[in-house]
Amino acid sequence: MYCGVKKISYFFLLVFIVSVFYESVSVSTGFPFGHYYYSDRLGTKIFDVPLAIMPTYFSLGYVSWFIATILLNQFDKPIPTVSKAIIISLVASFVMVSWDVVMDPVNSLIKSLWVWTDRGVYFGVPLSNFFGWFLCVFTFYLPFTLWCYNDKVHLKQIPAHGYLYLPSIVYITIMSKYILCFLFKDSVDVTTLHGEVFSSKDIYGSVMLIGLFTMLPIGIQSIYKIYRHRNHSLHATTAL
């Protein structure tokens, strides 16, 4: 399902507003992600939130949403019902949070892009972060998907071209870098704000394992569905 420039622009604006809101509120109050602050490594901030994280929210947000439409066999047709729009939003949220589970310990503890002041059970990351992430991304997925549903007459059908594989390839590639980090990066000790010491090799190994059993199957399944769709479309065209 190709949404067009207008809807993509709306999605970008929606993601920007929602992510800045949740991030700034959490930095100030601890809700919904937990208590943390951003270091200066990501550059210019707005409301104590680096502007540099917004393109990531947008790009990975759209990749995850598109993968959700693939997994639900909805990428090549209009969204038929409100319930289907809600299901797409939920699945997209799980796809997006799966990436966060993999990347957060690395970016916070090894790269020090942000610092958790709460004591967390997952390499210093509190569990509230992942539930907060789910709430945050669902907040921008649902209105966007409902808009696509309401405007379904104007949605464009997309042909079965190879570029449909791109979101899944991007998703798998992002996961793959943690495999390379585990294999080739030297191990160093990193310390949380509460004095807990972890080996970077253990962190990379853990997130790699999680990625192999969450992000990788999601990516492979979506690639397989596109492959099946392309073959079916080609056979249908040949039959004509």
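Applying the selection to the stretch 155-209, what residues are among the small types (Gly, Ala, Ser), modelled with pLDDT of 95 or more and either surrounded by 14 or more Cβ atoms within 10 Å (Cβ to Cβ) or assigned to a helix (DSSP H, G or I) (or both)?
Just the residues of the stretch 155-209 that are among the small types (Gly, Ala, Ser), to begin with: 160, 162, 168, 176, 187, 195, 199-200, 205-206.
Now narrow it down to the ones that are modelled with pLDDT of 95 or more: 168, 176, 187, 199-200, 205-206.
Hits for the stretch 155-209 are 168, 176, 200, 205, 206.
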Legend entry - Options 19, 89, 98, 112: the member that is among the hydroxyl-bearing types (Ser, Thr, Tyr), in contact (Cβ under 8 Å) with a residue 40 or more places away in the chain, assigned to a helix (DSSP H, G or I) and within 24 Å of residue 177 (Cα to Cα): 98
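Out of 84, 6, report the one residue that is among the charged types (D, E, K, R), part of a helix (DSSP H, G or I) and in contact (Cβ under 8 Å) with a residue 24 or more places away in the chain. I'd like the intermediate steps shown before the answer.
On the way: 6 fails: in contact (Cβ under 8 Å) with a residue 24 or more places away in the chain.
When all the criteria are applied, what remains is 84.
Looking at residue 68, is it in contact with a helix residue (DSSP H, G or I) (Cβ under 8 Å, 6 or more places away or on another chain), small (Gly, Ala, Ser) and closer than 17 Å to residue 167 by Cβ? Lay out the reasoning, then the answer.
Details: in contact with a helix residue (DSSP H, G or I) (Cβ under 8 Å, 6 or more places away or on another chain): yes; small (Gly, Ala, Ser): yes; closer than 17 Å to residue 167 by Cβ: yes.
Answer is yes for this residue.
Just wondering, is there one or more residues in the stretch 106-119 that are of a type in the set (Gly, Ala, Ser), closer than 21 Å to residue 31 by Cβ and more than 17 Å from the chain's Cα centre (by Cα)? It would help to see each step written out before you state the result.
Start the filter on the stretch 106-119 by keeping residues that are of a type in the set (Gly, Ala, Ser), which leaves 108, 112.
Within this subset, residues satisfying the condition of being closer than 21 Å to residue 31 by Cβ are 108.
If we keep only those that are more than 17 Å from the chain's Cα centre (by Cα) too, we end up with none.
No - not one qualifying residue is present in the stretch 106-119.
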Legend entry - Criterion violated by residue 79 - all others in (1) within 21 Å of residue 15 (Cβ to Cβ); (2) under 20 Å from the mean Cα position of the chain (by Cα); (3) not small (Gly, Ala, Ser) satisfied: (2)
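The values are calculated or read from the model by the stated rules, or taken from the named source; none is laboratory data. Quick caveat: nothing in here was measured; it's all calculated off a predicted structure. Because the Cβ atoms are built from the backbone with ideal geometry, glycine has one as well, and the counts that use them run over all protein chains shown.
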